[in-house]
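Undergrad: Structure incoming, see below.
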2 protein chains.
Amino acid sequence: MDNPLTRKLQTYVRLTGADTDRLADALGPARRIGARIDIVAEGDDPRAVNVVLDGWAGRYKQFADGRRQIVSLLLPGDTCDPNIFLLERMDHAIIALTPVTLAQISGRTMQDLRSRSETLEEAFHREMLAVAAIQREWTVSLGRRSALERLAHLLCELHLRQATIGLADGPSCPMPLTQPDLADALGQTSVHINRTLQDLRRAGLVALRSRRLTLLDPDRLWSLAQFDPTYLHHTRDHAGAGVRPREADPAAARPAVRL
Amino acid sequence: MDNPLTRKLQTYVRLTGADTDRLADALGPARRIGARIDIVAEGDDPRAVNVVLDGWAGRYKQFADGRRQIVSLLLPGDTCDPNIFLLERMDHAIIALTPVTLAQISGRTMQDLRSRSETLEEAFHREMLAVAAIQREWTVSLGRRSALERLAHLLCELHLRQATIGLADGPSCPMPLTQPDLADALGQTSVHINRTLQDLRRAGLVALRSRRLTLLDPDRLWSLAQFDPTYLHHTRDHAGAGVRPREADPAAARPAVRL
DNA sequence: GGTCGGAACTAATCTGTGTTAGTCGCAAGA
DNA sequence: TCTTGCGACTAACACAGATTAGTTCCGACC
């Protein structure tokens, strides 16, 4: 009953006890997957919906010449798309970025769940909308944000997404991505990620060590990243977990923070 | 009955006459919107689902300092998300990139449509999956593709998406985007778009004038872009419309085409 | 407790793309 | 017909970030 998927969906709608029971029953047995192992390969026929219970995973596409782009991150409570079983072939792969615990929900069960509960149906729809919005925000980052803004924005997003499901401890939270992982997510090289991270540290905005992130000055970080959490579409209030900066100044034609 | 939305959904599932009739009835009266006008503004409460019947629109986000990123393109038959009415606030705006004809489906009607027909329900779900896949592919383009590959890839995508709904004429199709539009979609400047376009022309790969695109050498263009149409997830066969190159050589560790 | 491999970090150099500042052509309106 | 404005196009120069080639650090495993 207290699994991250339930907590996640609770941020969109108020689930009844019956809903959470059904959800818990729907989850298959937990599976452990080691770090750096593909959970799903490109070209697979996706038979079931995978739910991340613990650890981080990432969707990615890789070119023949080795270039790789991580296209989204799956944190605890995230699913590899509630409708994925409708497709015949995965167009991308999913890798465990840390050791990961997964549960599966079969396509059949998923359809049952949604047809039995309007609330769950709505929750999954909202979840899909939120995922789409995150993907759009990544597109914006890769297209128009500088290295510094891009990294700052991602760190804001990851902190908030974790705070929402109770995984943040005030201004700090897990951040198990390596610098090469960050590079593949942000469309850069690990060398440049390192430089940019140093800049953020030197500016006193974040601390990041032993896989743990602390937002030292959330206000200035949000402002630098022009981070507007609206896009995460959490309707019920969990956001920020004590780290909600005041409204950004809309008059600022440039990020308020420079380094 | 022969509207682009129907044609689009037909690429995913086989719709019955009853389905297409219901769809046609669901569409509200057509609305004309002039080029460069916002169809939906950021912050709006989305009451209904907009469907593009004619013309091109684009989702975008704009920063206070003027930087703009077009996050996706809406072609005829595309909807601004079948579930959008669940949200309270648009996190991005939608602009008419050409004069556009729209129809609306209210949230209520949309829910009716889907609850009355399993097939329509599945069609809309598949449509959402395809849209998500396109968004991921854009993320890959912005993150890891060079200017040349990026532009080539987008042109392939736009040609194929139009071919699918019967808007392409063999290897050529409408392409009403201006170079500044392309720049905002590809995360670049119009100056560089122009340079890159000249390169593609000089290589004899495409012709683009008076808002019309012709793929002069689709095989080499697909190969340059490493374009793999799987991600569009059209299960029924409309793709290519006579311009389907043979399978790309998976052994090629580098794009086969250089300039 | 050593060694091994990958992640963190640094520095020098290179380059793809941005910036700035134009010209030209064309289509819409006055 | 003349203007106006925007899109297509070009050139010179600047710079953010890539590339290459390391060294150091740390944790996992023998």
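The values are calculated or read from the model by the stated rules, or taken from the named source; none is laboratory data. The shown structure was predicted, so the numbers you read here are calculated from the model rather than taken from an experiment. Cβ sites come from the backbone with ideal geometry, for glycine too, and all protein chains shown count toward neighbours.
Undergrad: Counting only residues that are within 13 Å of chain A (Cβ to nearest Cβ), give me the strands (runs of 3 or more DSSP E) lying completely in region B:82-177 with at least 1 of them.
TA: B:93-96
Undergrad: Considering A:Leu113, A:Leu87, which residue is closer than 30 Å to B:Thr11 by Cα and touching a Pro at 6+ places or on another chain (Cβ under 8 Å)?
TA: Just a single option satisfies the conditions, and that option is A:Leu87.
Undergrad: Consider B:Glu122 carefully, then state whether it is surrounded by fewer than 18 Cβ atoms within 10 Å (Cβ to Cβ), outside the structural domain of B:Gly58 (by TED's automatic domain parsing) and out of contact with any Cys (no Cβ under 6 Å at 6 or more places or on another chain).
TA: yes
Undergrad: Anything in region B:66-79 that is away from chain A (no Cβ under 11 Å) and outside any strand (DSSP E or B)? List them, or say none.
TA: Correct list: B:Leu75, B:Pro76, B:Gly77, B:Asp78.
Undergrad: For the list (1) surrounded by fewer than 19 Cβ atoms within 10 Å (Cβ to Cβ); (2) out of contact with any strand residue (DSSP E or B) (no Cβ under 9 Å at 6 or more places or on another chain), I need the number of the one condition that B:Met128 fails.
TA: Among (1) surrounded by fewer than 19 Cβ atoms within 10 Å (Cβ to Cβ); (2) out of contact with any strand residue (DSSP E or B) (no Cβ under 9 Å at 6 or more places or on another chain), B:Met128 violates only (1).
Undergrad: Just to check your reading of the model, which residue among B:Arg150, B:Arg212, B:Arg144 is within 11 Å of DNA strand C (Cβ to nearest atom), in contact with a strand residue (DSSP E or B) (Cβ under 7 Å, 6 or more places away or on another chain) and of a type in the set (Lys, Arg)?
TA: The unique qualifying residue is B:Arg144.
Undergrad: Now for a separate question. What about B:Gly66, is it in the same structural domain as B:Leu27 (by TED's automatic domain parsing), among the small types (Gly, Ala, Ser) and touching a helix residue (DSSP H, G or I) at 6+ places or on another chain (Cβ under 8 Å)?
TA: Judged against the criteria, B:Gly66 is not a match.
Residue-wise test of (1) in contact with a Ser or Thr (Cβ under 8 Å, 6 or more places away or on another chain); (2) more than 16 Å from DNA strand D (Cβ to nearest atom).
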| residue | (1), (2) |
| --- | --- |
| B:Arg136 | yes, yes |
| B:Gly143 | no, no |
| B:Ala163 | no, yes |
| B:Leu167 | no, yes |
| B:Met175 | no, no |
| B:Val191 | no, no |
| B:Arg201 | no, no |
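Undergrad: So, one more: Quickly run through region B:179-225 and pick out the residues that are in contact with a Pro (Cβ under 6 Å, 6 or more places away or on another chain) and under 19 Å from B:Glu137 (Cβ atoms).
TA: Within region B:179-225, B:Leu215, B:Pro218, B:Trp222, B:Leu224 meet the criteria.
Undergrad: Of the residues that make up region B:157-179, is at least one under 24 Å from A:Ile70 (Cα atoms) and at pLDDT 95 or above?
TA: Scanning region B:157-179 turns up at least one residue that is under 24 Å from A:Ile70 (Cα atoms) and at pLDDT 95 or above.
Undergrad: In region B:41-65, how many are outside any loop (DSSP other than H, G, I, E, B) and either among the polar types (S, T, N, Q) or away from chain A (no Cβ under 14 Å) (or both)?
TA: The number of residues fulfilling the criteria is 8.
Undergrad: Still on this structure, please answer the following. Taking region A:166-186, which residues are in contact (Cβ under 8 Å) with a residue 12 or more places away in the chain, surrounded by fewer than 20 Cβ atoms within 10 Å (Cβ to Cβ) and more than 16 Å from DNA strand C (Cβ to nearest atom)?
TA: Scanning region A:166-186 gives A:Gly166, A:Leu167, A:Gly170, A:Ser172.
Undergrad: Note down all Cβ pairs under 7 Å where the first residue falls in region B:23-49 and is under 13 Å from B:Thr79 (Cβ atoms), the second is among the aromatic types (Phe, Trp, Tyr), and they're at least six residues apart or on different chains.
TA: Within 7 Å, the pairs are B:Pro46/B:Phe85; B:Ala48/B:Phe85; B:Val49/B:Phe85.
Undergrad: Any chance you could count how many residues in region A:187-209 are on the phi > 0 side of the Ramachandran plot and either near DNA strand C (Cβ under 8 Å from one of its atoms) or in contact with a strand residue (DSSP E or B) (Cβ under 9 Å, 6 or more places away or on another chain) (or both)?
TA: Matching residues across region A:187-209 total 1.
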